Amino acid sequence: MRKLILLPLLFVALPLAAADYVVGQKNKEFSMKTIKVKVGDSVEFRNDDPFFHNIFSLSDIKSFDLGSYAQGQSRKVMFDKPGKVEVECSIHPNMKLVVEVEK
Amino acid sequence: MKIPYLSAALVCLVLAGPATAQLTPDQLAKKCGKKVSNECVIRQFKDSPEASVMRGSIAFQNYCTLCHGKEGRGDGRAARLHSPPPANLVASRLPAEYVIQIVRKGGEAIGRGKGMPPWGEQLTDEQVQDLINYLMSIRV
């Protein structure tokens with residue numbers, strides 16, 4: 001009986017194992033050029049600059065637009081498919097980040 | 001960087017008369033020779049409307065084409081991310097002063113679409129004015 005109760009709990013707990021990562025934006029650069037995450041993990045994009053950033057991706061496996069947000073604010077994205085996701089800032093075209101999503 | 005349709009824009013400005021243009025073909029030829037380059041106009045006639053439009057075009061290519069497209073028709077590569085879609089700036093009839101507010105403050109701050117970021121901290125007042133002059137020049 002106890003096993004029957006624990007089994008569903010195990011499946012509920014699995015998604016909670018997904019990790020959260022933080023990528024900063026400072027001096028019009030991402031805090032890293034590449035980040036490796038696993039499917040289900042999330043990346044929080046935190047604006048450490050005293051001006052707006054607008055992070056987006058046009059990648060087929062994960063396209064998103066986080067909109068404009070000011071210093072101290074952040075936006076989170078969950079990556080649900082494996083592959084490479086190229087992330088950019090629409091306000092600062094030189095900002096580039098690659099998120100490598102592994103199975 | 002040579003932006004092809006700038007030459008056409010320049011011709012339009014010159015032909016449009018004194019309200020929008022100050023440079024005559026003679027003036028241009030005297031300073032820039034037979035083949036007038038954008039760089040020469042910007043350098044030799046920096047306070048002219050023509051130079052402002054050219055600088056605005058460069059700013060547009062750097063910051064705006066991602067969503068608005070190379071010709072400003074709202075068909076940039078990131079347009080598909082936005083709803084409402086980016087404005088077709090060629091067809092726009094919004095007053096220049098209102099467009100300045102959109103550029104500086106972004107869409108959301110003035111009750112429009114959230115997709116347009118605020119550029120007021122990224123662009124100088126001169127760059128915004130140059131951009132507006134360019135946007136006015138591409139309207140049909």
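For the segment B:114-123, counting C-beta atoms of other chains within 10 Å of every residue's C-beta and taking the mean gives 5. Highest mobility in the GNM of chain B, judged by mean-square fluctuation with C-alpha springs under 10 Å and restricted to B:Ala51, B:Ala59, B:Ala78, is found for B:Ala78. Here the range A:19-102 was treated as a single set of alpha-carbon atoms; its pair distances binned every 10 Å from 0 give 20, 58, 21, 1 percent. In terms of its alpha-carbon gyration tensor, the range B:94-140 comes out oblate; a/c meets the 1.5 threshold, while b/c is at least as large as a/b.
Other protein chain C-beta atoms within 10 Å of residue C-beta, averaged over B:132-138: 0. Which pairs in the list B:Lys30/B:Lys70; A:Lys38/A:Lys84; B:Lys35/B:Lys70; A:Lys62/B:Lys105; A:Lys36/A:Lys103 are over 20 Å apart, alpha-carbon to alpha-carbon? Those over the limit are B:Lys30/B:Lys70; B:Lys35/B:Lys70; A:Lys62/B:Lys105. Taking θ as phi - 60° and the Karplus parameters 6.51, -1.76 and 1.60, the scalar couplings of the range B:49-63 work out to x, 4, 5, 4, 4, 5, 5, x, 5, 5, 4, 4, 4, 6, 10 Hz in sequence order, x denoting glycine and proline.
Amide H to amide H distances under 5 Å link B:Leu89 with B:Arg73, B:Gly74, where only residues 5 or more positions off or on other chains count and H is placed in the peptide plane.
Each Cα pair under 8 Å and six or more residues apart adds its sequence gap; the mean of these over the residue count of the range B:84-134 is a relative contact order of 32 percent.
Exposure proxy for A:His53, A:His92: other Cβ atoms within 10 Å of each Cβ, ordered fewest to most, give A:His92, A:His53. Normalised by the number of residues in chain B, the average gap of Cα pairs under 8 Å and 6 or more apart makes the relative contact order 21 percent. Taking the Cβ of A:Gly72 as the center, what net charge do the other residues with Cβ under 9 Å away carry, scoring Lys and Arg +1 and Asp and Glu -1? It works out to a net charge of 0.
The orientation-averaged shadow of the Cα convex hull for the range B:17-117, equal to a quarter of the hull surface, comes to 7.5 nm².
Bear in mind that the values in this text are calculations on the coordinates, not laboratory data. Quick caveat, the model's predicted, so the values are computed rather than measured. Glycine gets a Cβ as well: all are built from the backbone with ideal geometry, and neighbour counts include every protein chain shown.
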